[in-house]
Amino acid sequence: MPKLSQEIDSRIPVTVLTGFLGAGKTTLLNHVMTANHGEKIAVIINEYGEVGIDNQLVVGADEEIFEMNNGCICCTVRGDLIRILNELMEAKNGNSHRKQVHFDRVLIETTGLADPAPVAQTFFVDENIAEQYKLDAIVTVVDAKHAEDQLDKGHEAQEQVAFSDVLLVNKVDLISEEELHKLEKRLKIMNPAAKLYRTEQSSVDLKKILGINAFELDKKLELDPDFLNSHEDDHEHDDEVKSIFFREDRPLDLDKMERFLKEWLTEHGADTLRYKGVLHINGVKQRIIFQGVHMLFASAPDRNWKSDEIPRSEFVIIGRNLDEAWFKSQFAACVAS
Ligand SMILES: Nc1nc2c(ncn2[C@@H]2O[C@H](COP(=O)(O)OP(=O)(O)OP(=O)(O)O)[C@@H](O)[C@H]2O)c(=O)[nH]1
């Protein structure tokens, strides 16, 4: 029986803005605030130290700006972020001592050092939050001029690349085309699932960063495996963060795949930062979509395989110090016999 009505997802979309120190996050925030998008955006800014100064730099005064000044977002996220998101919703619904606020979207600016994982996980694990908000995308601003150096030194910079759905390579005016190309190649090897755009003064078409549904399970996975394959033997850098791409046309055995996932998440969950993909399971007519952040993982059947497409499992794991041989052999053992 076809359903007559479709449930409309009325949850508030949340964009997490992260990026290297001084990369251009505040510049991007200003760009969002002054652009003519017709939306009201509530902004949550996380700053180190007692007094946040970033809000003074943000133009567009009629936006609602909330600050978390109690240190790094990753340490206080479970408390502060959840509290602020709940307060915001109460104020939106007029159930608060605060004045009523109106907003269509939330933007969270994390500090240059924050690990985006706990922020992303908040929207999976806290039921109350997950009912009211949906994570739209993690957008990472990269400082093109200093990126190579920051990536060489920084654990955090690498993780921010790993988690991102959109990478804005900013300050392209400061480096040559050749350097830019080299940097983009490095970023793509680390995270082939992210969309990559070049920007100057963080100026980007907002449709490319807001409302992109990167965390929707039924979204088509956009990977460029040919790029990966063509660069497999070409790693110039010894980056901790790497990606592994899996592709298999033969159907997978559900039990074997579940066992593999269990072992993977127990033994290597801390190191698998982001993963997403489509599985072709033996005897299942639909595509199975799955994705996760560290140990938190979700899967759901999606549409049926079409008659004119080859059913195929394809997914990517982006992680730290991944044992590629182990993952590949475990995955190969999941093929249905
Ligand atoms: N040359 C150049 N400078 C830029 C560009 N984008 C931003 N800047 C400058 O870079 C500096 C840092 O930009 P911000 O937007 O404050 O960076 P941020 O990521 O918010 O910085 P933190 O919050 O300190 O991590 C500012 O002086 C900006 O004017 C660009 O595309 N080219």
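The values are calculated or read from the model by the stated rules, or taken from the named source; none is laboratory data. From a predicted model like this one, the values you see are computed outputs, not experimental measurements. Reconstructed Cβ throughout: ideal geometry from the backbone, glycine too, with neighbour counts over all protein chains shown. These accessible areas exclude ligands, DNA and RNA; they are computed on the full protein's heavy atoms, side chains included. Shrake-Rupley method; radii C 1.70, N 1.55, O 1.52, S 1.80 Å.
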* **Enumeration of residues in segment 294-328 that are within 13 Å of residue 261 (Cα to Cα), of a type in the set (Gly, Ala, Ser) and open to solvent by 60 Å² or more (accessible area, probe 1.4 Å)** => 299
* Asked: Quick one: in segment 139-148, which of the residues that are within 15 Å of the ligand (Cβ to nearest atom) and closer than 22 Å to residue 273 by Cα is surrounded by the most Cβ atoms within 10 Å (Cβ to Cβ)?
  -> 141
* Asked: Filtering segment 84-110 down to residues that are loosely packed, with under 15 Cβ neighbours inside 10 Å and among the polar types (S, T, N, Q), which residue is nearest to the chain's Cα centre (by Cα)?
  -> 93
* Asked: Say we look at segment 12-36 and pick out the residues that are open to solvent by less than 10 Å² (accessible area, probe 1.4 Å) and hydroxyl-bearing (Ser, Thr, Tyr); which of these is nearest to the ligand (Cβ to nearest atom)?
  -> 18
* Asked: Which of (1) closer than 19 Å to residue 193 by Cβ; (2) buried (at least 18 other Cβ atoms within 10 Å of the Cβ) does residue 281 not meet, given it meets every other one?
  -> (1)
* Does residue 297 fit the bill of being assigned by TED's automatic domain parsing to the domain that holds residue 255 and modelled with pLDDT under 90? -> yes
